[in-house]
């Protein structure tokens with residue numbers, strides 16, 4: 001359970017006591033499980049708020065909740081690559097922008113647009129599908145990170161992405177990837193298939209863009225992958241709901 005605590009302390013602001021040397025790369029297989037916990041907290045807020053103020057405010061409150069728990073960790077990565085890829089003219093300039101903690105126009109616009117997608121999709125859902133979407137989004141978004149670590153190519157620059165790749169144990173990460181899909185299926189049932197399909201498409205687009213712009217993935221690219229993955233899941237669930245389907249466990 002130590003690796004789970006390490007993953008939780010890395011991905012969230014929740015204080016967790018971890019003694020000794022911290023091996024984040026070794027803890028990556030637990031990312032989907034941490035996503036399950038984060039999503040469950042957001043889903044609980046969504047369900048309670050839906051009954052009090054309706055779906056749209058509930059969606060906003062759920063997004064606020066999960067952002068507070070994570071410290072907007074992955075959103076920061078999304079904004080960083082938007083600034084770097086949108087404003088950098090060459091690889092070196094893009095890498096310099098990635099290291100800048102400040103966010104520019106591209107970063108702010110990317111955060112606003114992705115948040116709008118997530119909020120509007122969740123706001124169109126009832127309490128059951130909304131809860132399922134939030135949990136599955138946080139699980140599968142972090143599962144997408146494992147997919148990039150397994151099959152992607154790190155940028156040949158010092159940084160978190162390179163550190164991940166160097167310390168990667170492929171067997172446990174593959175097990176974590178499979179486990180994340182199983183957790184998603186437990187929440188969404190058969191409808192995990194279109195959700196996973198859209199997550200794969202979004203992940204491939206992000207990684208290919210990163211490969212063209214900076215030669216591969218970095219820690220910021222992994223954060224952006226998670227945010228795009230979350231967005232793809234809530235869009236998939238919104239489409240399933242629009243077609244008139246009912247969540248299997250209701």
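The values are calculated or read from the model by the stated rules, or taken from the named source; none is laboratory data. Not measured: the values here are computed from a predicted model. FYI the Cβ positions are ideal-geometry reconstructions off the backbone, even for glycines, and counts take in every protein chain you see.
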Tally, over the range 225-250, of residues that are part of a helix (DSSP H, G or I) and either out of contact with any strand residue (DSSP E or B) (no Cβ under 9 Å at 6 or more places or on another chain) or more than 25 Å from residue 193 (Cβ to Cβ) (or both)
17
Is the range 131-140 home to any residue that is part of a helix (DSSP H, G or I), in contact with a helix residue (DSSP H, G or I) (Cβ under 9 Å, 6 or more places away or on another chain) and farther than 17 Å from residue 194 by Cα?
yes
On the given criteria, is residue 93 buried (at least 18 other Cβ atoms within 10 Å of the Cβ) and closer than 26 Å to residue 215 by Cβ?
no
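Going through 185, 128 one at a time, which residue ends up being surrounded by fewer than 23 Cβ atoms within 10 Å (Cβ to Cβ), touching a helix residue (DSSP H, G or I) at 6+ places or on another chain (Cβ under 6 Å) and either closer than 30 Å to residue 26 by Cβ or modelled with pLDDT of 95 or more (or both)?
Only one candidate passes the filter, namely 185.
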Of everything in the range 98-109, what is surrounded by 22 or more Cβ atoms within 10 Å (Cβ to Cβ) and under 14 Å from residue 218 (Cα atoms)? Give them in sequence order.
98
Which one is farthest from residue 34 (Cα to Cα), of the residues in the range 72-102 that are in contact with a helix residue (DSSP H, G or I) (Cβ under 9 Å, 6 or more places away or on another chain) and outside any helix (DSSP H, G or I)?
88
Determine whether residue 179 is closer than 21 Å to residue 80 by Cα, under 18 Å from the mean Cα position of the chain (by Cα) and either buried (at least 24 other Cβ atoms within 10 Å of the Cβ) or modelled with pLDDT of 95 or more (or both).
no
